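Derivation of every value follows stated rules applied to the coordinates shown; laboratory data play no part. This is a predicted model, so every value here is computed, not measured. Methodologically, a virtual Cβ is constructed for each residue, glycine included, from the backbone with ideal geometry; neighbour enumeration extends over all protein chains shown.
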Amino acid sequence: MSKRNQFRTEARDFALYKKEVRRRVKELGLLEYRVSFQHADDNLGDEEISTRAYVYLKYPYVTFGLSVDWHDDPVSDARIRYCAAHEVRHLLLHRLVALAKNRYATEKEIDEAEEATIHRLDYLEFGDTIG
């Protein structure tokens with residue numbers, strides 16, 4: 001059995017990352033997105049990045065990436081779970097952020113995105129117990 005490199009993710013880490021992302025996507029009700037995953041050896045296009053969510057707003061599609069090389073950041077199950085949660089939160093806020101960056105976004109569009117985000121957080125806390 002080979003010794004684990006503490007700064008590189010392995011297949012088992014990628015499996016945990018996918019499991020956590022799927023759980024949290026479901027937990028937040030972000031089910032309209034088609035989800036895919038990437039376990040990349042190229043640091044997801046950025047030296048400093050360990051994980052990333054690529055969201056395509058035009059299409060309900062997102063790719064969650066996990067970098068193989070974590071440089072000086074030790075890999076652990078807790079860190080993988082944290083990163084999965086963090087990236088799913090980016091997905092949760094993506095539409096609101098995209099509209100805020102768009103100078104042509106209407107007040108109504110921003111209000112709708114805000115309300116959708118709040119409803120997802122309500123669901124997280126209360127489930128569907130409130131009519």
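Couple of notes before you dig in:
- Shape call, segment 17-117: gyration tensor on alpha carbons, a/c limit 1.5: prolate
- Pairs of Lys residues in segment 11-126 are counted when their Cα atoms are under 28 angstrom apart and they lie 8 or more places apart or on different chains; the count is 8.
- FRET efficiency for the pair residue 85 and residue 118, taken as 1/(1 + (r/R0)^6) with r the Cβ-Cβ distance and R0 = 25 Å, rounds to 0.85.
- Working ranking of peptides 77-83, 10-16, 63-69, 119-125 by packing, defined as the average number of other Cβ atoms within 10 Å per residue, highest first, is 63-69, 77-83, 10-16, 119-125.
- Sum of -39500 (n - 2.57) over DSSP H runs of 4+, divided by residues of the chain (222 nm, nearest 500): -16500 deg cm²/dmol
- The residues packed around residue 80, meaning those with a beta-carbon under 9 Å from its beta-carbon, carry a net charge of -1 if Lys and Arg are +1 and Asp and Glu are -1.
- Inter-probe distance in nm under a simple model that places probes 7 Å from Cα toward Cβ, at residue 38 and residue 69: 1.6
- Distant-in-sequence amide H partners of residue 37 (H built 1.01 Å from N, under 5 Å): 64
- Chain lengthening between residue 57 and residue 93 when straightened (0.36 nm per residue, less Cα-Cα): 11.8 nm
- Magnitude of the charge dipole for the chain, about its Cα centre and with charges confined to Cβ atoms of Lys, Arg (+1) and Asp, Glu (-1), is about 460 debye.
- Under the membrane-span-like helix rule (DSSP H runs whose alpha carbons stretch at least 30 Å along the helix axis, mean Kyte-Doolittle hydropathy -0.5 or higher), the chain yields 77-101.
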